[in-house]
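One structure is given here, and the rest of the page talks about it.
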């Protein structure tokens, strides 16, 4: 019995040793770099094709594609890998919200140390866009790569049916449309058609698809925090809460869950959505189903450029990489115009790149995918999230106040925003 | 057992004499070692070997985590980055954390519904089963079935029963022309729904416990009471309840611990909502640890929760004991 | 009349506890729109829900994982628990009283207190996403050790003495003389341990993220929570039914043992 126990202990110990990473090639002069791709099949396909092309051209620097190991969330898997020093060389799908954790763990390589980093970054995007990816210490540790801006998706047929031909851009236009769209169609005394659907589940990241884009649009792109001070305790947050509260309390947004896709079933005329809906809609929509994307809704008095939330992902090189210079060469290759086009073609996700719409390299693609034009227009203006390790909890606190005020009408928007701000600051102050 | 051993076994049994004192028995080698004085000169080497795995395991998997809990309480740590000392930060945060107090309030509310329901239904069914009836095994087994089925199955099942549009409970209400109820979506009702479900899941166990307790009550007590002309209620109040006191205590403690361990039900059915009305301590601990990566704060919540359980059980014991006097 | 009321109440009780399970199993065989109804016999029999579950979830793998983990843990708890119980009841060695008291004490440590530090320790060992995380921390149980001790105390000491005269070692006495006599306690410990591990969700939820290593209840839980069922009622219920079925079958055969073991665990706590 004791033997069994000891065997188990030994087995466990052998499990502790980090698995050999990266450079396991036989040939002395040949470098192999490991690249983790997100699990989504389209992204794996992009990674494989890009790496295959690179590998043909660079026999001395081979890229090996691995899919990020399964886990509860890819962020956690990456953090765990950092802690056990089993990170790959390059990872392409870092959520900017976890950068601070990666930095605290000293997991990632400083990228602006490479002499041509600034040139590469500036070639892709203007400083207004790239600045939000700069870490508090003034350096860049991530290469902003791709983005999924959140926009308003409308069923134009349903709107036309009630006489609305221009898509709403402000709260009052939206609410006005809502009074006409929301109604009882079959006359059984119960409303069966609504203005919009909002996935109001009290889960922190759901607020990135309702409150947060609305807040960014209202504030003109100000994020929730300034350094470690709460900055969302303002009129903009209150306006967003008040608007959403009205949507729910007047019944423009149903407070129940449905089976199937309510938008596709034409039960609602609008929803918050990203470019990923396009392929789904194209595949399943009935022939007479028409839809269009529009910029994020704004308060009536706001006259600012439409801004939204960009569900963006960055590329990082880990400190376990023994050949950062070569890894950086590959990162540059991944983000060339040609590969950005490949990203669009394969994954329908947008590279964070300026003036794609004027560029002839992309002209053919946008000609074939007119819906993607709307997103390309948003890419530069869209904002990411603050990089603090308390980010999720702050979103969770906002979610609770959102639920109490917007969904259940138990609190005024003013009170809810103030409570959320106060509690968030308390958590940021515990150190 | 080998036949020869069985023979020896019965032989030794016969060697036992009536009225022997413990010491005499011990001297004749009839009493287990635990009751014998420990002679200091000889120790059984096998003893060390046999408890060694247990001791090692306990030190590693209970002792160390216990000690480490007290380290964690004073730190902020997401496991992956270096630990950060926060002193009493976590404890201060806990004391002003509206959610942990909300979770405590929710749990107490849960218990206030769950325990009385549990006691009444379990005692009632046990009384019925304790009469001369046919098919007792069948009834007992059917009441017990939810106890053995895994909590997640029961949770998924009841989530469907409680569903607003398609759930059987609301369908039944519609049959008798009553409006639908948001069993899991109304913040005033969600916890009640969970408490009813938990009662349904666990009551079978308590039926069996009460049944064992009832069967242990000597029938002559009732006979004597009947001679004195006691009514059924008097018999119940004056004989059954006092005699069942230990079982009642047990049921109280077990349901309390159940209530404080609530996790899978709100995790699956409501995620702790609506408006935190079904947030439980363990769910909150889990959230802090696994959503927000705050191991130190989660450990602080665990410590607080353990402390509360301990206190509540202590109070219950005190109350039941005074009742009994 | 009174008799009739008595039986009526008992039968209504039985229906309340049994009907939901019957309805659940029936619902998994109905097409989606039919589920919202009280009837049991499906009007249109379909196995669509099961197809969906088997396509989406490695449910067989989950079953094997659960079985593997539960069996190893149960065997270990019985073997080590009986060893500890034997030593505590039959052998003399220094520190015996301490071990006994510690065992009593550890039973009072609530799991809430140690679960987070235990988890961080498992991460430190690199055991996340391995069977070790599921098995090793559960391999011994103070409660079972004490159950064994309690039971062994009732076995006559003379049996031990005689066996020793025959040259039996303590190991042989435990495994070949005590074991055959200890069927009731072994059954109880086996059932309690097996059920505890089989039904546990919280701990596997913490330490396993790889679908291939997940236990069956964990798979089903994440399926229900994560929306893998596309909000389809029949599919969720089918997953739940697959999880319940082995237990229901075992219950039909072992009903008496299960009830007695679980009731006795309640009594002795």
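Each listed q (0.09, 0.18, 0.19, 0.21 Å⁻¹) maps to a log10 I(q)/I(0) for the stretch C:124-269 from the Debye sum over equal C-alpha point scatterers, namely -0.44, -1.12, -1.17, -1.26.
I need the Debye-formula profile for the stretch A:318-387: one equal scatterer per C-alpha, no solvent, reported as log10 I(q)/I(0) at q = 0.24, 0.28 1/Å, two decimals. Rounded to two decimals, the profile gives -1.05, -1.25. Here the gap between residue A:128 and residue A:110, fully extended at 0.36 nm per residue and compared with their Cα-Cα distance, gives a gain of 4.4 nm. With the convex hull drawn over the C-alpha atoms of the stretch A:81-187, the volume per residue is 203 Å³. Shown here is the pair-distance distribution of the stretch C:1-46: with all Cα-Cα distances grouped in 10 Å bins from zero up to the longest one, the shares run 27, 36, 22, 13, 2 percent. For chain A, set up a Gaussian network in which alpha carbons nearer than 10 Å are linked by springs, and say which option among A:414, A:282, A:377 fluctuates the most. Among A:414, A:282, A:377, the largest GNM mean-square fluctuation belongs to A:282.
Inter-chain neighbour count for C:37-44: the average number of beta-carbon atoms from partner chains within 10 Å of each residue's beta-carbon is 1. Annotation: for a label point projected 7 angstrom from Cα along Cα→Cβ of residue A:60, residues of the stretch A:321-359 with backbone N closer than 12 Å are A:326. Taking other C-beta atoms within 10 angstrom as a stand-in for reagent exposure, B:96, A:397, B:176 fall in the order B:176, B:96, A:397, fewest first.
In what sequence do A:331, C:220 fall when counting other Cβ within 10 Å, fewest first? Please report the intermediate quantities before stating the final value.
Numbers: A:331 22, C:220 32.
Fewest-to-most ranking of A:331, C:220: A:331, C:220.
Estimate the FRET efficiency between residue A:283 and residue C:12 by the formula 1/(1 + (r/R0)^6), using the beta-carbon distance for r and 35 Å for R0, to the nearest 0.05.
Details: r = 51 Å, r/R0 = 1.44.
Efficiency computed from Cβ-Cβ geometry: 0.10.
In the stretch A:289-431, the convex hull through the Cα atoms has an average projected area of 13.9 nm², a quarter of its surface area. Separation of the stretch A:83-134 and the stretch B:109-129 by C-alpha centroid, Å? The stretch A:83-134 and the stretch B:109-129 have Cα centres separated by 59 Å.
Can you give the Rg/Rh ratio of the protein assembly as shown, where Rg is from the C-alpha atoms and Rh is the Kirkwood radius? Mind showing how you got there, number by number?
On the way: Rg = 32.5 Å, Rh = 32.3 Å.
Over the Cα atoms of the protein assembly as shown, Rg/Rh equals 1.01.
Report, to two decimal places, the Cα Rg of chain B normalised by 2.2 N^0.38 Å (N = number of residues).
Numbers: Rg = 26.5 Å, N = 325, 2.2 N^0.38 = 19.8 Å.
Normalised by 2.2 N^0.38 Å, the Cα Rg of chain B equals 1.34.
Let me check I have the definition right: for the stretch A:248-330, take the eigenvalues of the Cα gyration tensor, multiply each by 5, take square roots. What are those semi-axes in whole Å, largest first?
Values: eigenvalues 288, 86, 41 Å².
Semi-axis lengths for the stretch A:248-330 are 38, 21, 14 Å.
Under a Gaussian network description of chain B, with springs only between Cα atoms under 10 Å, the residue in B:237, B:102, B:45 that fluctuates furthest is B:45. Only helical runs count toward this figure. For chain A, summing -39,500 (n - 2.57) over DSSP H runs of n ≥ 4 and dividing by all residues gives -12500 deg cm²/dmol at 222 nm.
Which value, in Å to one decimal place, does the Kirkwood hydrodynamic radius take for the stretch C:63-191 when every pair of different Cα atoms is included?
Values: mean 1/r = 0.0615 Å⁻¹.
With all distinct Cα pairs of the stretch C:63-191 included, I get 16.3 Å.
Dimensions of the stretch B:214-325 along the principal axes, based on C-alpha atoms and rounded to the nearest Å, stand at 67, 27, 22, largest first. GNM remark for chain C: springs join alpha carbons under 10 Å apart, and the peak mean-square fluctuation among C:55, C:199, C:257 falls on C:55. Taking 1.567 mPa s as the viscosity and 4 °C as the temperature, the Stokes-Einstein diffusion coefficient of the stretch B:75-197 based on its alpha-carbon Kirkwood radius rounds to 69 µm²/s. With the biggest extent put first, the Cα atoms of chain A measure 75, 57, 48 Å across the principal axes. Take the stretch A:115-163, drop everything but the C-alpha atoms, weight them equally and run the Debye formula without solvent; then report log10 I(q)/I(0) at 0.25, 0.27, 0.28 Å⁻¹ to two decimals. Log-scaled intensity ratios, in q order: -1.01, -1.10, -1.14. Principal-axis analysis of the Cα atoms of chain A puts helix A:324-334 at an angle of about 40° to the longest axis. Would any residue of the stretch A:234-260 have its amide N under 15 Å from a label point 7 Å out along Cα→Cβ of residue A:179? List them or say none. Those under the cut-off are A:246-247, A:250-252.
Only helices enter the 222 nm calculation for chain B: every DSSP H run of n ≥ 4 contributes -39,500 (n - 2.57), and dividing by all residues gives -20500 deg cm²/dmol, rounded to 500.
Please order A:419, A:199, B:186, A:101 by the number of other Cβ within 10 Å, starting at the fewest.
Final ranking by Cβ density, sparse to dense: A:199, B:186, A:419, A:101.
Annotation: the stretch B:135-229 has a Kirkwood hydrodynamic radius of 16.2 angstrom, from the mean reciprocal C-alpha pair distance.
The convex hull drawn around the Cα atoms of the stretch B:203-259, when projected onto a plane and averaged over every direction, covers 4.0 nm². Distance between the pseudo-spin-label points of residue B:171 and residue C:161 (7 Å out from Cα toward the beta carbon): 7.0 nm. Between residue C:34 and residue C:249, residue separation times 0.36 nm minus the direct Cα-Cα distance comes to 74.7 nm. Across peptide B:158-171, the mean count of Cβ atoms from other chains lying within 10 Å of each residue's own Cβ comes to 4. The share of Cα pairs per 10 Å bin across the stretch A:259-306, counted from zero up to the longest distance, runs 20, 48, 21, 11 percent. In this label model, residue A:30 and residue A:300 are separated by 6.9 nm, measuring between points 7 Å along each Cα→Cβ vector. Computed from the Cβ-Cβ distance with R0 of 25 Å, the FRET efficiency linking residue A:190 to residue A:412 stands at 0.25.
For chain C, the mean residue ellipticity at 222 nm estimated from helices alone is -23000 deg cm²/dmol, where every DSSP H run of n ≥ 4 contributes -39500 (n - 2.57) and the total is divided by all residues, rounded to the nearest 500.
If you wrap the Cα atoms of the stretch A:160-213 in a convex hull and average its projected area over all directions, you get 4.9 nm². Computed over chain C, the Cα gyration tensor eigenvalues convert (square root of 5λ each) into semi-axes of 42, 26, 16 Å, ordered from largest to smallest.
Write down the Å³ per residue value for the convex hull defined by the alpha carbon atoms of the stretch C:185-239. All intermediate terms of the calculation are to be shown ahead of the outcome.
Numbers: hull volume 5.1 nm³, N = 55.
Dividing the Cα hull volume of the stretch C:185-239 by its residues yields 93 Å³.
Reducing the stretch A:282-312 and the stretch A:395-431 to their Cα centroids gives an inter-centroid distance of 27 Å.
With the simple model of a label 7 Å out from the Cα in the direction of the Cβ, residue A:228 to residue B:134 spans 7.6 nm.
None of the figures in this text is laboratory data; all of them are computed from the coordinates on show. Just so you know, these numbers come straight off a predicted model, no measurement behind them. Ideal geometry is used to build each Cβ from the backbone, glycine not excepted, and the neighbour counts take in all protein chains shown.
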